[in-house]
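Q: Sharing a structure, written as structure tokens. Questions coming.
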Amino acid sequence: MANIKDKIKNIYKKKNSGVMSYTIVIGLYLVMEILMKTGNLTNLIKSLLVPCVCYIIVAVALNLCVGLSGELSLGHAGFMSIGAFTSVVVSGTLEEVITNDILRLVIAVIAAALVASIIGYLVSIPVLKLEGDYLAIVTLAFGQIIKSIIGNIYLGIDEKGFQFSFIEDTTKISENGKMLISGPTGATGISRISTFTAAVVLCIIALIIVYHLINSKDGRAIMAARDNRIASLSVGINVTRTKTLAFVMSVMLAGAAGAIYGLNYSSISPAKFDFNQSILILVYVVLGGLGNINGTIIAATLLYILPEMLRSLADYRMLIYALILIVIMLVTNNDKLKNRINELLRRKKKHE
Amino acid sequence: MKKNNVIKVVVVTMILALLAGCGAKEGSDSIKIGGSGPLTGDAAVYGIDVMNAAQLAVDEINAKEGKEYFAFKMEDDAADPEKSPIAYSTLMDWGMQVSIYTVTSGAGLAVAEDYNNDRIFALTPSGSNTGLIYNGKVNYDNAFQVCFTDPNQGRASADYIAEHKLASKVAVIYRSDDDYSKSIYATFVEEAAKVGLEVVSETSFLKDDADYSAQLLEAEKNGAELVFLPIYYQPASVILTQANNSGYAPIFFGVDGMDGILGLDGFKAELAEGVYLLTPFAADATDDATVHFVTAFKEAYGTVPTQFAADAYDAVYAIYQACKAGNVTPDMAAADICDIMIDQFTTMEYPGLTGTSRWAVNGEVNKSPKAVIINNGVYVAAE
């Protein structure tokens, strides 16, 4: 027995193995599933599950970019948006061809991830060759551009095929067709095929990809390039390549999460994915800890669910939420407090 | 690992907190009316007015009935389509039987299907997008509107301007990334051509734009006597200020989104003098119902009610009238109430603050449009 215990302890102690992250995600999943199956879950919690997991994935993805490769991105909501609208178009188009919801969801998510990563790669080409905060500036602009572009797209499908128009709605969709994206209203009448299980599966895949990258040769190169660009250049690391790798991986996961997110609602609008949304995701990452995946998962979960849990406070809700944010920020950055907590824990251990 | 221990404790506490929130639905002797709207954020003016007015109506009805006839609960959705499903779920947990839907359209679109699938009767006071009551071929038979739909507002505005000969050359400034603005604009231009109005300038802007001088200049250059503003009051206030600064003084004509401009902090109300609004409600009207409502509202909340408040007040009373006529009791299931309400709403006539309303099967309201003009800082019925 003691042997097994030690073994488990060792697995947890191994740095960056990710076991802790998997444990948290699977643990939360099991608890929620059991509660759902036994009918103990309120509608409120049920409606929070999928978006919450989506935010976890995007936050983990952003941490890959900001924490691991040290490049600030302020446009991850834009990549989520690309993912969401791609998946809605793909799923809407295939609705009659592929009737199996799960298969359609998988195809939509893969398509979303692909489109997001291709666009992410294009964005990164001019920027990541440079040294400095240019990625932040470009992604900031990119987020705004994407919002405007999608807000002006009219795309519909009927028996004659796709119809597309830009800025002015000139599409003439016949009785049997439907609009997939209609300008500023966004997409409506989406068939909601996302499930909590699908979101968690994607989350675990995302974690596997991220941990795999961290523990690989490329991952070490990414971190080396972050810590000292010149030194890593001198040992032959292609800094542009490693940074591009981290960024493209990151936006790919953001796009995939956006797909699950988009297919979870009956209507989504491009205005939803604005600058504030990008900052919100960045807040999850910063409060969870740069480069700290476990922290990001927990921060995203807590900060997403918290304002909804505070609904009973009515008018004071957002006030309390803001206060909690400030307190978390102070506590996580206060060395004195950290030492104090560590001391307490050490004492407890000695007792044992 | 040590840090993780602390985190573990936090997570466990959170899960326990979640569990504590799960409880059985309580029985009640009142019919439960729910609704969601922006109580925080940009559009909070509307949400709070709707909440207050609906609460006022519920209190009055309860006093009249001598018992808790209605129970009312409003949840915050911040006018965000991501939050409205959450607000909706919270209301369902509470046991909502009838709903005043959502205050804003965007938030409503995200829950339209849920309301229809769960068979909850929904009457929105101010969500004017047609997607709230039907989606293409699919009619949400459970959903109705108190306000005009967006296309109807554009049409009614053009008719009103032509009928009252306010101007012959008009300019339109609209927000191109907003569906509300765009759809009013589209039907306005269409109807203007029919009734002989000449649209001399059509310009647009985007959310968060701060300078409208180019659009105003364009309108002025083309000799527009009237500028139609199918937009919300925040950008409209800037447009009015900039037009005043540049000395351009056409007639400004707004729709329901213009309502609230007089209450905007930091805006000089005298700039809005002479502005026309297409709105079904004028707080200075002298009929008994309006006087009673305005006095009661002022007494309770200290502000003059906007048309959103009037729409919400009407929504609750219309539900009340239908409940009475259909003998709805609190122990009925929401789906049964929904069927009764649909029957009532498609056949009844409701005389309210915002005019005498009838409803079509698709959920659109039928009542005569009215316009007001801002005179000495108050709305005066324009005739």
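All of the numbers you see were taken from the coordinates with simple rules; none came from a lab. Just so it is clear, the model here is predicted, and its values are computed rather than measured. With ideal geometry, Cβ positions are generated from the backbone for all residues, glycine too; neighbour counts draw on all protein chains shown.
Q: If one computes the Cα centroid of the range A:266-303 and of the range B:136-184, what distance in Å separates the two points?
A: Cα centroid to Cα centroid, the span is 37 Å.
Q: Residue farthest toward the positive end of the dipole of the protein assembly as shown, with Cβ of Lys/Arg at +1 and Asp/Glu at -1: which of B:Gly131, A:Tyr154, A:Ile324?
A: A:Ile324
Q: Convex hull volume of the Cα atoms in chain A, per residue, in Å³?
A: 190
Q: Two decimals is fine: what's Rg over Rh for the range A:248-310, C-alpha atoms, Kirkwood radius as Rh?
A: Reported Rg/Rh (Cα atoms, Kirkwood Rh): 0.98.
Q: Among B:Ser357, B:Phe148, B:Ala79, whose Cα projects farthest towards the positive end of the dipole of chain B, with charges put on the beta-carbon of Lys, Arg (+1) and Asp, Glu (-1)?
A: It is B:Ala79.
Q: According to a simple spin-label model (label point 7 Å from Cα along Cα-to-Cβ), what is the distance in nm between A:Thr170 and B:Tyr248?
A: Result: 2.8 nm between the two label points.
Q: If you place +1 on the Cβ of every Lys and Arg, -1 on the Cβ of every Asp and Glu, and leave all else neutral, what size is the dipole of the range B:206-363 about its Cα centre, to the nearest 20 Debye?
A: In debye, rounded to 20, the range B:206-363 gives about 80.
Q: Looking only at A:Ala198, A:Ala259, A:Ala113, which one moves most when chain A is put into a Gaussian network model with springs between Cα atoms under 10 Å?
A: Residue with maximal mean-square fluctuation among A:Ala198, A:Ala259, A:Ala113: A:Ala198.
Q: Could you work out how much longer the chain between A:Ser216 and A:Phe275 gets when fully extended? Use 0.36 nm per residue separation minus the Cα distance between them, nm to one decimal.
A: 18.0 nm
Q: Projected onto the charge dipole of the protein assembly as shown (+1 at Lys/Arg Cβ, -1 at Asp/Glu Cβ, origin at the Cα centre), which of A:Pro126, A:Ser91, A:Ala225 gives the Cα projection farthest towards the positive end?
A: After comparing all options, I get A:Ala225.
Q: Taking Cα atoms, how many degrees apart are the long axis of helix B:44-65 and the longest axis of chain B, rounded to 10 and kept between 0 and 90?
A: Helix B:44-65 and the main axis of chain B meet at about 60 degrees.
Q: Report, in listed order, any pair from B:Lys83/B:Lys182; A:Lys272/B:Lys194; A:Lys172/B:Lys165; A:Lys178/B:Lys370 with a Cα-Cα distance greater than 30 Å. If you can, show how the numbers build up before the last one.
A: Values: B:Lys83/B:Lys182 24 Å; A:Lys272/B:Lys194 36 Å; A:Lys172/B:Lys165 35 Å; A:Lys178/B:Lys370 35 Å.
Correct reply: A:Lys272/B:Lys194; A:Lys172/B:Lys165; A:Lys178/B:Lys370.
Q: A further question follows. Per the Cauchy relation, a quarter of the hull surface: what is the mean projected area of the convex hull of the alpha carbons in the protein assembly as shown, in nm²?
A: Numbers: hull surface 145.9 nm².
Projected area, direction-averaged: 36.5 nm².
Q: Which distance in nm do the two modelled labels at A:Lys5 and A:Tyr22 give, with both placed 7 Å along the Cα-to-Cβ direction?
A: 2.3
Q: Can you tell me which aspartates and glutamates have their Cα less than 17 Å from the Cα of A:Lys243? Leave out same-chain residues fewer than eight positions away.
A: The qualifying aspartates and glutamates are A:Glu71, A:Glu131, A:Asp133, A:Asp218, A:Asp227.
Q: Might you report the magnitude of the Cβ-based charge dipole of chain A about its Cα centre, with Lys and Arg at +1 and Asp and Glu at -1, to the nearest 20 debye?
A: In debye, rounded to 20, chain A gives about 1880.
Q: Percent relative contact order of chain A, based on C-alpha pairs within less than 8 angstrom and at least six residues apart?
A: Answer for chain A is 29 percent.
Q: Additional query: When the chain is fully extended, how far beyond the present Cα-Cα distance does B:Asn375 get from B:Ala300, taking 0.36 nm per residue of separation?
A: Once the chain is fully extended between B:Asn375 and B:Ala300, it gains 24.5 nm.
Q: Take the alpha carbon gyration tensor of the range B:151-279, find the square roots of its eigenvalues, order them as a ≥ b ≥ c, and report rounded if a/c is under 1.5; if not, report prolate when a/b exceeds b/c, else oblate.
A: Since a/c stays below 1.5, the shape of the range B:151-279 is classed as rounded.
Q: To test your reading of the geometry: what angle, between 0 and 90 degrees and rounded to tens, separates the Cα axis of helix B:2-20 from the longest principal axis of chain B?
A: Long axis of B:2-20 versus the principal axis of chain B: about 90 degrees.
Q: Then there's this: Which pairs in the list A:Lys9/A:Lys217; B:Lys67/B:Lys298; B:Lys32/B:Lys137; A:Lys46/B:Lys32 are over 28 Å apart, alpha-carbon to alpha-carbon?
A: B:Lys32/B:Lys137
Q: Using unit Cβ charges (K, R positive; D, E negative) and no other charged atoms, how large, in debye to the nearest 20, is the dipole of the range B:151-279 about its Cα centre?
A: Using only the charged Cβ atoms, the result is roughly 240 debye.
Q: List the lysines whose Cα sits under 23 Å from the Cα of A:Lys7, skipping any in the same chain fewer than 8 residues away.
A: Of all the lysines, those that pass the test against A:Lys7 - Cα under 23 Å, at least 8 places apart if same chain - are A:Lys15, A:Lys348, A:Lys349, A:Lys350, B:Lys2, B:Lys3, B:Lys8.
Q: While we're here: Given labels modelled 7 Å from the Cα in the Cβ direction, how far is it in nm from B:Asp287 to B:Ala214?
A: About 4.5 nm separates the two model spin labels.
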